[in-house]
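Q: Let me begin by handing over the structure; questions about it come next.
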Amino acid sequence: MANKKKVIVTGFEPFGEHAVNSSWVAVQELERLGLGEEVDLHVREVPVEYQAVQSLLPSLWKDPQPQQLVVHVGVSGLATTVTLEQCGHNRGYKRLDNCSFCPASQCCMENGPDCIQSVLDMDAVCKRVNDSSLGVTLSVSKDAGRYLCDYTYYTSLYLGQGHSAFIHVPPLGKPYSSQDLGRALQAAIQEMLNLLELDPKHNKHCDHEHQHQHDH
């Protein structure tokens, strides 16, 4: 049991026109499917509130195991594919959350770098899943949208020194079912774990960059 990999996957609560948030539905489907015997999977629904994210995320990252990965899933009304986000952004948060609040500074971390990349190569994850004839198409993006999705991703990348991932899913039925989305999350996260295992030095560059940026 001790050497099980711990993976935390989050989805978001409903907001705006998304009376049902497909991200949380997809994460619940993933919980049913699991990530295999060797993975200890924990799921969590996240409020669409900047301040709630600021207080919740450090608790997700406490006592990190070396293999730990935190994956956040969000809905995008513009998405037609399951979209892997490569990076999170610090500034530009003007849109009000479910509490009609936005950060006065319009940024996540006052002295943080403008952009933090995931240590995971999302192009490689995308290619592997698309080559596997899953029946769900994945794509890669470098703009997570400057709302709670991007805000959560940046915060998680900052706290986890890049050991985080963000996946945008389309609304249910446009075109994928909850089962399709659950299978896509399962396949993508399994590939992410494979990549982390293949490259034990994957975090060297990130740690250096994180430390360096942190000094400013």
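Q: Restricting attention to the stretch 92-122, which residues are assigned to a loop (DSSP other than H, G, I, E, B) and in contact with a strand residue (DSSP E or B) (Cβ under 7 Å, 6 or more places away or on another chain)?
A: Y93, N98, Q106, D114, S118, L120 - these are the residues of the stretch 92-122 that are assigned to a loop (DSSP other than H, G, I, E, B) and in contact with a strand residue (DSSP E or B) (Cβ under 7 Å, 6 or more places away or on another chain).
Q: Kindly evaluate Y154 against the criterion of being hydroxyl-bearing (S, T, Y) and under 25 Å from H42 (Cβ atoms).
A: Criteria met by Y154.
Q: For the stretch 112-120, check the following and say yes or no: at least one residue is closer than 17 Å to L196 by Cα and open to solvent by 40 Å² or more (accessible area, probe 1.4 Å).
A: Checked the stretch 112-120: at least one residue is closer than 17 Å to L196 by Cα and open to solvent by 40 Å² or more (accessible area, probe 1.4 Å).
Q: Looking only at the stretch 17-56, which residues are among the small types (G, A, S) and either in contact with a Cys (Cβ under 9 Å, 6 or more places away or on another chain) or open to solvent by less than 70 Å² (accessible area, probe 1.4 Å) (or both)?
A: Residues satisfying the conditions are S22, S23, A26, G34, G36, A52.
Q: Still on this model: So which residues in the stretch 88-103 are over 21 Å from P58 (Cα atoms) and either without any contact (Cβ under 8 Å) to a residue 12 or more places away in the chain or open to solvent by 90 Å² or more (accessible area, probe 1.4 Å) (or both)?
A: K94, R95, L96, S100
Q: Could I ask something else about it? Looking at (1) open to solvent by less than 30 Å² (accessible area, probe 1.4 Å); (2) in a helix (DSSP H, G or I); (3) within 15 Å of V82 (Cβ to Cβ), which one does A165 not meet, given that it meets all the others?
A: Unmet for A165, out of (1) open to solvent by less than 30 Å² (accessible area, probe 1.4 Å); (2) in a helix (DSSP H, G or I); (3) within 15 Å of V82 (Cβ to Cβ): (2).
Q: Is one or more of the residues making up the stretch 177-192 part of a loop (DSSP other than H, G, I, E, B) and either modelled with pLDDT of 95 or more or open to solvent by less than 40 Å² (accessible area, probe 1.4 Å) (or both)?
A: Within the stretch 177-192, one or more residues are part of a loop (DSSP other than H, G, I, E, B) and either modelled with pLDDT of 95 or more or open to solvent by less than 40 Å² (accessible area, probe 1.4 Å) (or both).
Q: Looking at the stretch 76-87, which of its residues are of a type in the set (A, V, I, L, M, F, W, C) and either part of a loop (DSSP other than H, G, I, E, B) or open to solvent by 10 Å² or more (accessible area, probe 1.4 Å) (or both)?
A: Scanning the stretch 76-87 gives L78, A79.
Q: For the stretch 132-153, does any single residue satisfy the condition of being without any contact (Cβ under 8 Å) to a residue 12 or more places away in the chain and more than 16 Å from A26 (Cβ to Cβ)?
A: yes
Q: Can you pull out every residue in the stretch 57-75 that is of a type in the set (G, A, S) and open to solvent by 10 Å² or more (accessible area, probe 1.4 Å)?
A: Within the stretch 57-75, S59 is the sole residue that qualifies.
Q: If only one of V125, V129, V136, V140 is assigned to a strand (DSSP E or B) and either at pLDDT 95 or above or open to solvent by 70 Å² or more (accessible area, probe 1.4 Å) (or both), which one is it?
A: V140
Q: Could I ask something else about it? Go through the stretch 147-162 and give me each residue that's part of a loop (DSSP other than H, G, I, E, B) and either at negative phi or open to solvent by 40 Å² or more (accessible area, probe 1.4 Å) (or both).
A: If the condition is that a residue be part of a loop (DSSP other than H, G, I, E, B) and either at negative phi or open to solvent by 40 Å² or more (accessible area, probe 1.4 Å) (or both), then Y147, G160, Q161 are the ones that fit.
The values are calculated or read from the model by the stated rules, or taken from the named source; none is laboratory data. For clarity, every value in this text was computed on a predicted model and none was experimentally measured. All Cβ positions, even for glycine, are placed from backbone atoms using ideal geometry, and neighbour counts span all protein chains on display. Ligands, DNA and RNA are stripped out before the accessible areas are found, and what is left, the full protein with its side chains, is counted by its heavy atoms. Shrake-Rupley method; radii C 1.70, N 1.55, O 1.52, S 1.80 Å.
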